[in-house]
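Taking it in order: structure first as structure tokens, then the write-up.
Where a number appears in this text, it was derived from the coordinates with a stated rule and is not lab data. Quantities reported herein were computed from a predicted structural model and do not represent experimental measurements. Note that each Cβ is placed from the backbone with ideal geometry, even for glycine, and that neighbours are counted across all protein chains shown.
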Amino acid sequence: MSTRNNSISQGVDWMIIWLYAVLVAVGILCIFMVEYKPDTNWVSSFIGGKTSYSKQLIYAVLCTVIATFILLTDSKLFTAFANLMYAGGILLMLATFVLGKNINGSKSWIPIGGGFNLQPAEVCKIFTALALAKFLSRQETEFTKPKSQIIASLLISAPAILSIAQHELGLALVYSSFLLAMYREGLPAQILIYGSSFAVLVIATLVVERNTLAIILTVIAGCIFFILRKQARRNRKSLVLVVGLWLLCVGAQRFVVPYIFDNVLECYQSTRIYSMVGKEYDCSQNKKSARKEGEKAAHKPDDYNVRQSKIAIGSGGVTGKGFLKGTQTRGKYVPAQSTDFIFTSLGEAFGFVGCFAFLAIYLFMLYRIIRIAERQRSTFSRVYAYSVASILLFHIAVNVSMTIGLFPIVGIPLPLISYGGSSLLTFTILIFILLRLDADRQMVLR
């Protein structure tokens with residue numbers, strides 16, 4: 001076992017730090033583009049702490065201090081306190097039901113004074129990544145066995161369920177990204193295939209009329225049975241499997257999927273998913289909205305956000321309109337354009353070329369993180385690195401897809417770009433814990 005590095009710079013992947021700094025700077029620049037007023041002194045507005053971009057600058061400075069502290073920390077502390085931090089994160093999420101502040105219909109924020117709010121569901125992603133890495137790195141954990149797979153699934157399901165209870169469906173979905181890290185450690189590919197197949201079935205249920213889809217599924221089952229008819233004569237299990245899958249798919253598309261949209265999801269959530277495939281959802285069918293005291297079934301909201309986002313990005317063309325020259329984002333036509341829809345400011349100002357270069361930075365960072373993951377001696381460090389890569393990939397893919405209408409609006413920030421202290425703090429800690437573990441990659445951590 002090697003001794004711990006004595007210098008903060010020794011063994012640290014500085015390329016990741018430079019990429020991090022560039023993305024944070026781009027984020028502040030994007031927020032500045034959508035909120036700057038020509039009649040305001042931009043220098044004083046940046047240091048005044050009253051505008052979103054000046055607050056984001058303050059968050060960035062605080063995150064720099066925290067990042068430095070993490071790089072000076074002993075890597076063994078992350079393994080020693082992983083489970084304790086996870087338990088603390090769950091307790092913090094539970095505390096939001098008592099101490100939480102309602103923001104945009106979501107009671108998932110805890111006020112900490114000075115106008116700042118903490119979102120435990122965001123921060124708990126760090127603790128979940130550490131706890132999952134801790135569990136999978138134990139010598140007694142055999143991840144090929146169902147028991148270990150179930151325990152790991154429960155670790156990532158607990159904060160996801162609490163996020164749903166706080167009306168944070170987007171953050172709940174983020175926890176599904178840990179499946180990629182679990183797959184790297186031996187999770188059977190069948191589970192990912194089953195999950196993807198169910199997603200395809202849900203989309204097919206929305207696009208195709210129910211009776212027509214049932215007929216299509218029956219025809220597919222008949223074709224499979226015809227192909228396997230000789231094998232079925234020798235082994236009845238093939239016939240039972242085909243019939244069972246057919247019943248499962250037909251039952252899901254006729255009963256399970258409609259029940260989820262009408263009884264589990266809120267009206268606006270069902271509407272957004274339907275609008276993604278060009279369909280309209282009848283909110284009068286939504287029992288959850290109708291059950292609210294003193295509230296009738298909610299009316300279907302339109303797709304104003306996505307339409308304005310598409311207009312803004314499309315108006316940028318190939319090279320963009322230029323810095324501070326965007327008419328859609330500067331005119332406040334795009335809602336939440338400094339948070340969930342921050343990508344629109346990039347698209348309008350710098351066009352396709354700017355968006356391509358921006359996404360290339362993200363892809364290069366993901367590539368570097370995967371390289372870091374694969375050079376670790378410790379299972380703990382490798383699992384954690386893949387968890388960070390999975391979280392970043394999920395956030396980037398969903399947020400960008402959301403702004404161009406390829407994914408329903410679920411309120412997921414763009415990593416290191418979107419305005420928000422909790423989001424910036426979370427991704428900063430995620431990345432710099434990874435860098436600390438990588439600097440001590442010759443150590444075997446458990």
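Here's the picture: charge each Lys and Arg Cβ at +1 and each Asp and Glu Cβ at -1 in the chain, and of Gly320, Val410, Ile161 the one pushed furthest to the positive end of that dipole is Ile161. Its DSSP H runs of at least 4 residues, each contributing -39,500 (n - 2.57), put the calculated 222 nm mean residue ellipticity of the chain at -21000 deg cm²/dmol, to the nearest 500. Computed about its Cα centre, the charge dipole of the range 113-229 is approximately 280 debye, with only Lys, Arg, Asp and Glu carrying charge at their Cβ. Of all aspartates and glutamates in the structure, the ones whose alpha carbon falls short of 19 Å from that of Lys147, not counting any fewer than 8 places away in one chain, are Glu185.
Of all segments of the chain bounded by GluC sites (Glu not before Pro) found in a DSSP loop with no more than 15 other C-beta atoms within 10 Å, the longest spans 296-446.
Do the alpha carbons of any pairs in Lys55/Lys101; Lys50/Lys332; Lys101/Lys325 sit beyond 25 Å of each other, and which pairs? Kindly include the intermediate steps, with their values, before the conclusion.
Numbers: Lys55/Lys101 20 Å; Lys50/Lys332 18 Å; Lys101/Lys325 36 Å.
From Lys55/Lys101; Lys50/Lys332; Lys101/Lys325, over 25 Å: Lys101/Lys325.
Selection among Asn117, Val98, Tyr53 by position relative to the dipole of the chain gives Val98 as farthest towards the positive end (Cβ unit charges, Cα centre).
Taking 18 Å as the straight-line reach from the Cα of Lys287, the aspartates and glutamates in range (excluding those fewer than 8 positions away in the same chain) are Asp262, Glu266, Glu295.
Here the range 47-109 and the range 149-165 have alpha carbon centers that stand 20 Å from each other. Considering only Gln269, Cys249, Ala204, and ranking their Cα positions along the charge dipole of the range 194-290 that arises from unit charges at the beta-carbon of Lys, Arg, Asp and Glu, the one farthest toward the positive end is Cys249.
The alpha carbon centroids of the range 325-361 and the range 242-273 are separated by 35 Å. For Lys37, a cut-off of 20 angstrom between C-alpha atoms picks up these aspartates and glutamates, skipping any fewer than 8 places away in its own chain: Glu348. The charge dipole of the chain, taken about its Cα centre with unit charges on the Cβ of Lys, Arg, Asp and Glu (plus for the first two, minus for the last two), comes to roughly 1160 debye.
Taking the chain as a whole, the Cys residues whose C-beta sits 4.7 Å or farther from every other Cys C-beta are Cys30, Cys63, Cys124, Cys223, Cys249, Cys355. Sorting 156-163, 408-415 by their mean Cβ neighbour count within 10 Å, with the most densely packed peptide first, gives 408-415, 156-163. Per residue, the average separation of C-alpha pairs within less than 8 Å and at least 6 apart gives the chain a relative contact order of 24 percent. Taken about its Cα centre, the range 194-290 carries a charge dipole of about 780 debye when Lys and Arg each add +1 at the Cβ and Asp and Glu each add -1 at the Cβ. Normalised by residue count, the range 194-290 yields a Cα convex hull volume of 96 Å³ per residue.
Here Ser284, Ser418 are placed in order of increasing Cβ neighbour count within 10 Å, fewest first, which gives Ser284, Ser418. Could you pull out every whole DSSP H run in the chain that spans at least 30 Å of Cα extent along its own axis and averages -1.0 or higher on the Kyte-Doolittle scale? Those that clear 30 Å and a mean of -1.0 are 14-35, 343-374, 379-403.
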